[in-house]
1. Considering only the range 253-274, how many residues are closer than 15 Å to LEU225 by Cα and in contact (Cβ under 8 Å) with a residue 60 or more places away in the chain?
2. Pick out, from the range 110-213, the helices (runs of 4 or more DSSP H) lying fully within it that include 1 or more residues that are under 19 Å from the mean Cα position of the chain (by Cα) and modelled with pLDDT of 75 or more.
3. Would you pick out the residues in the range 214-252 that are polar (S, T, N, Q), out of contact with any Ser or Thr (no Cβ under 9 Å at 6 or more places or on another chain) and modelled with pLDDT of 95 or more?
4. Just one of ALA77, ALA49, ALA62 is buried (at least 19 other Cβ atoms within 10 Å of the Cβ), at pLDDT 75 or above and either part of a strand (DSSP E or B) or touching an Asp or Glu at 6+ places or on another chain (Cβ under 6 Å) (or both); which is it?
5. List the residue pairs whose Cβ atoms are under 7 Å apart, where the first residue sits in the range 101-116 and is free of Cβ contacts under 8 Å to residues at least 60 places away in the same chain, the second is of a type in the set (D, E, K, R) and part of a helix (DSSP H, G or I), and the two are 6 or more positions apart or on different chains.
6. Go through (1) crowded, with 21+ Cβ neighbours inside 10 Å; (2) part of a strand (DSSP E or B) one by one and return the number of the condition LEU233 breaks.
Amino acid sequence: MADIQQTHGELARHALATQTSGGKQTNGAALLAARLTRSQADPVRQVTAPVVRWEGAASTEAQDELVAEEPLEVRAATTPPADHVAVAPAETIAVIMRTPGHDAELALGFLLSEGLITSGAEIVTVRSGSDADGLPSPNIAEVVCAPGVDLALRAKHAGYSRQFAVNASCGVCGKNSVADACASLPTLPPDDFAVAPATLYGLPERLRAEQRVFSFTGGLHAAALFDAQGDLLALREDVGRHNAVDKLVGRALLDGALPLRDRILLVSGRLSFEIILKAMAAGIPIVAAVSAPSSLAVDLAEAGGVTLAAFLRGTHVNVYTHPQRIHA
């Protein structure tokens, strides 16, 4: 499935309303386009903006690198039948605010972790959709389902509001309740997967060393998968930490690698409920973070059979749930 790229002009058209300046109406998109340009370092995930930097009483004009945050509309499309009977147009499932790049992975990882698909066999492809003018838009990801799979109907039955928005800090905004989100995911079964604490200690440095966009912008979260020896297998960056996890899960789904029973997931920043939820959907037994967990994340990890390790800094880590997977 081809990855879906993005242009910043689409964000301007979709996300900015007309602004008022000096009593006259000015187009917000035009103002944005005049100030922000695609970064030469990474034109997909970064933009360059003019800034005025102050040091004490002195100021200078400069250019700064920013993380791109743009909307991705996820639509459900059906496979045309063999008799060429007309099919219904694609329906919007969600609009996700994210950092562009690996959009097919994001769409599929999101759908899997939300319980709307169960495997890659239910998906034919992910393609760019068309905008209101009928032109292909990199802001739209159409998930083409296999025959007999009605993704839009599943979303309706699961209690989703039509065209709900997923912002950069919430991964379960479409469900009516947390109980609904948990009900569709099985508890991880008992296993003998275990790692040494020394293996965990080395993971944050390996993650940080591969955060290329973060090194330019300082504004991205990251999620990475490691094996039992602490070797980095995959890393994704995004303005939302849950998006970064969805991209990893989507990649594993595309590769036919699910469930990830012998993997460690490390996220930058704090560990919240939706990260554990996504780990359960992917079958990941150990989830670690460099910062604090929330109480709900700990509760869910305990109930779901996930080992939760947090405050992973230097040679220190707190293991909150299922500590049998961490031993010297």
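The values are calculated or read from the model by the stated rules, or taken from the named source; none is laboratory data. Please read these numbers as outputs of a predicted model, since none were measured by experiment. Positions of Cβ are backbone-derived with ideal geometry, glycine not excepted, and every protein chain shown enters the neighbour counts.
1. 7
2. Details: elements: 151-157, 178-183, 197-201, 203-209.
Here the list reads 151-157, 203-209.
3. Within the range 214-252, none qualify.
4. Of the residues listed, the single one that is buried (at least 19 other Cβ atoms within 10 Å of the Cβ), at pLDDT 75 or above and either part of a strand (DSSP E or B) or touching an Asp or Glu at 6+ places or on another chain (Cβ under 6 Å) (or both) is ALA77.
5. Pairs that qualify, where the first residue is free of Cβ contacts under 8 Å to residues at least 60 places away in the same chain and the partner is of a type in the set (D, E, K, R) and part of a helix (DSSP H, G or I), are LEU116/ARG154.
6. It fails just one condition, (1).
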